[in-house]
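A short write-up of the structure that comes next.
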Amino acid sequence: MKIKSAIFVKGITGENEILNDGKTQIAFIGRSNAGKSSLINSITGDGKLAKTSSNPGKTQELNIFLINKSVYFVDLPGYGFAKTGAEVWQRINKLVYWYLFESTHNPKVVLIIDAEVGPTKDDLGILKLMELRGKDIIIVANKIDKIKKSHCFNQIKKLQEQFTGHVVIPFSSKDKIGINELVETLII
Ligand code: GTP
Ligand code: MG
């Protein structure tokens with residue numbers, strides 16, 4: 001299906017009535033700077049919808065976007081980076097953990113990793129928790145434009161082996177790769 005409309009609804013920092021209105025929630029998660037907000041912009045075709053930055057820590061709330069008037073995309077803050085500004089990062093990590101694992105909202109989950117760097121310890125930790133809960137998770141291997149063409153095939157193969165049992169979608173917001181495949185996988 002196609003994404004026909006996408007609007008920003010609000011940013012929240014905890015429990016909120018919007019999360020209880022019955023619409024499917026699709027959460028975009030990953031370490032800070034992985035490209036979650038950019039990905040939302042590229043799949044909705046609206047480059048200004050979600051705020052992005054080259055500095056980690058741009059998204060600090062659960063930012064909710066209404067897609068096709070029927071589904072919520074939830075742009076999460078990135079986890080990790082605990083060494084700098086510990087207080088902010090503690091709050092962010094707590095919020096992400098609460099939404100994914102402690103709240104009752106049970107979103108569908110898209111995990112965005114940097115295809116060049118591969119999964120971080122935090123990515124694998126989150127994945128493990130998802131698997132223990134029997135949750136399906138779609139992996140997006142983002143920024144494949146950064147990988148040399150000659151290494152691309154092997155790198156994607158390696159990632160697919162690391163994430164056996166999950167769909168891995170090679171992706172680039174910059175070069176507009178993988179957009180249709182991801183949207184179709186989300187089935188909106
Ligand atoms: P936080 O909100 O801090 O968690 O970050 P985020 O995961 O939302 O990342 P964001 O979308 O803000 O992008 C971080 C940086 O990565 C920006 O400088 C983007 O331009 C860059 N970026 C995002 N997607 C791609 C991509 O596909 N390729 C390349 N080369 N850079 C990208
Ligand atoms: Mg962001």
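The values are calculated or read from the model by the stated rules, or taken from the named source; none is laboratory data. None of these values were measured; they are calculated from a predicted model. Positions of Cβ are generated from backbone atoms using ideal geometry, with glycine treated the same way; all protein chains shown enter the neighbour counts.
Some notes on this structure:
- Subset of the stretch 32-53 [within 11 Å of ligand 2 (Cβ to nearest atom) and not hydrophobic (A, V, I, L, M, F, W, C)]: S32, N33, G35, K36, S37, S38, N41, K51, T52, S53
- Residue count for the stretch 144-174 under the criterion of being in a loop (DSSP other than H, G, I, E, B) and more than 18 Å from the chain's Cα centre (by Cα): the result is 4.
- Scope the stretch 132-166; condition of a type outside the set (D, E, K, R) and closer than 16 Å to A27 by Cβ; matching residues: I137, I138, I139, V140, N142, H166
Condition check ((1) more than 26 Å from P170 (Cβ to Cβ); (2) modelled with pLDDT of 95 or more; (3) surrounded by fewer than 17 Cβ atoms within 10 Å (Cβ to Cβ); (4) within 8 Å of ligand 1 (Cβ to nearest atom)) across all residues:
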site	(1), (2), (3), (4)
M1	no, no, yes, no
T24	no, yes, yes, no
A27	no, yes, no, no
Y72	no, yes, no, no
G78	no, no, no, yes
A82	yes, no, yes, no
G85	yes, no, yes, no
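- Residue that is surrounded by the most Cβ atoms within 10 Å (Cβ to Cβ) [pool: residues in the stretch 34-50 that are within 11 Å of ligand 1 (Cβ to nearest atom) and of a type outside the set (A, V, I, L, M)]: K36
- Residue in the stretch 127-143 that is in a loop (DSSP other than H, G, I, E, B), in contact with a helix residue (DSSP H, G or I) (Cβ under 7 Å, 6 or more places away or on another chain) and within 14 Å of ligand 1 (Cβ to nearest atom) present: no
- Checked against the criterion of being basic (K, R) and modelled with pLDDT under 95, the candidates K157, K149 yield just one match: K149.
- Of the residues examined, N93 is one that is under 24 Å from N16 (Cα atoms) and either surrounded by 12 or more Cβ atoms within 10 Å (Cβ to Cβ) or within 16 Å of ligand 2 (Cβ to nearest atom) (or both).
- For the stretch 51-62, the set of residues classified as more than 15 Å from G80 (Cα to Cα), in contact (Cβ under 8 Å) with a residue 12 or more places away in the chain and near ligand 1 (Cβ under 7 Å from one of its atoms) consists of T52, S54, listed by residue number.
- Of the criteria (1) under 19 Å from D123 (Cβ atoms); (2) touching a residue at least 60 places away in the same chain (Cβ under 8 Å), which one I156 fails: (2)
- In the set K94, K48, K69, only one residue is closer than 28 Å to D145 by Cα and not β-branched (V, I, T); that residue is K48.
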